[in-house]
1. Restricted to the stretch 16-36, and to residues that are assigned to a helix (DSSP H, G or I) and under 24 Å from residue 60 (Cα atoms), which residue is farthest from the chain's Cα centre (by Cα)?
2. Does at least one position in the stretch 44-60 carry a residue that is modelled with pLDDT of 95 or more and outside any strand (DSSP E or B)?
3. Please go through the stretch 33-50 and pick out each residue that is within 14 Å of residue 7 (Cβ to Cβ) and loosely packed, with under 11 Cβ neighbours inside 10 Å.
4. Determine which single condition residue 64 fails, assuming it passes every other condition in (1) at pLDDT below 85; (2) surrounded by 14 or more Cβ atoms within 10 Å (Cβ to Cβ).
């Protein structure tokens, strides 16, 4: 998965985060992503569906 490859590159540069917050897209809810986070000890937090204010930082980054 591209998400896991990207996160590995980020971890190599920035270190291991305590938490990653995402939307509920299928790329972020895949079993491989969940296993990756469990292996690295990262809390994977999904935002509330259809609630853009609940994930304001992510939405701002995407300009939505």
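The values are calculated or read from the model by the stated rules, or taken from the named source; none is laboratory data. Note that the structure is a prediction, hence the values are computed from the model and not measured. Please note: Cβ atoms are built from the backbone with ideal geometry, for glycine as well, and neighbour counts cover all protein chains shown.
1. 26
2. no
3. 39, 41
4. Residue 64 satisfies every listed condition except (2).
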